[in-house]
Amino acid sequence: MREQSRLPLDELPSIDEIVREYHAEARRRLEKGHGAAVPEMEDSVLVAAAAGRDELTAEGLVLARELAAAWPKSSMPFDWPGAEAWLDGLAARADDRESLLAVVRGQAAQHKLGKVRDHLT
C-alpha cells in the first residue's frame, strides 16, 4: 500500500499535500487522455477554501482554468455548463467559506469525527 500511496501514510498529510496531489492527479489525467478531472479540481479548490488557504485556492482556480481550456470536449460531463460558467460557479462556492464549513461540520458529525469537529473554527 505504501508503494501505491502518493501521500504519507505514517503521518497526517497537510492540506497543501492533499490539494497539490489533487492537482497532480488532474494533470496526469489530462496527460493520459482520461476524462476531465472536474470532481478532482472542484475538491481541490473547495478543500483549500474551507481550510482558509486563499493562496492555494487561487492556485487551484488558475489550474482549473488552464485544464478546462485543455480538456477535450468529448471528456466533459454530460451536464457540463461550459468552462466560464463552471469556473464562475466554482469561484463563488469557494468564496462562501461559511457554507463550506457547514458541510465539513455536517460530515464530521455524520461520521462521528469529533477530533475534526474540535479543530473547526
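Bear in mind that the values in this text are calculations on the coordinates, not laboratory data. Model, not experiment: these values are computed from the prediction. Please note: Cβ atoms are built from the backbone with ideal geometry, for glycine as well, and neighbour counts cover all protein chains shown.
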Helix 83-95 axis, angle to the chain major axis (alpha carbon atoms, nearest 10°): 10 degrees
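What does the highest-first list of 97-106, 12-21 look like by mean Cβ count within 10 Å?
Numbers: 97-106: 13.7, 12-21: 15.6.
Result, highest mean Cβ count within 10 Å first: 12-21, 97-106.
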Relative to the longest principal Cα axis of the chain, at what angle does helix 15-32 sit, 0 to 90 degrees, rounded to 10? 20 degrees
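Would you please name the GluC sites (Glu not before Pro) within the range 51-85 that are DSSP coil residues with at most 13 other C-beta atoms within 10 Å of their C-beta?
Values: sites: Glu55, Glu59, Glu66, Glu84; in loops: none.
Of the GluC sites (Glu not before Pro), not one in the loops of the range 51-85 has a Cβ with at most 13 other Cβ atoms within 10 Å.
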Ordering of 29-38, 45-54 by burial proxy (mean other Cβ atoms within 10 Å per residue, highest first): 45-54, 29-38
Cα lying deepest toward the dipole's positive end in the range 1-70, options Gly52, Ala37, Pro13, charges on Cβ: Ala37
Spin-label model distance (nm) - Ala70 vs Ser14, 7 Å beyond Cα toward Cβ: 2.5 nm
Roughly how tilted is helix 97-110, in degrees to the nearest 10 and between 0 and 90, from the longest Cα axis of the chain? 60 degrees
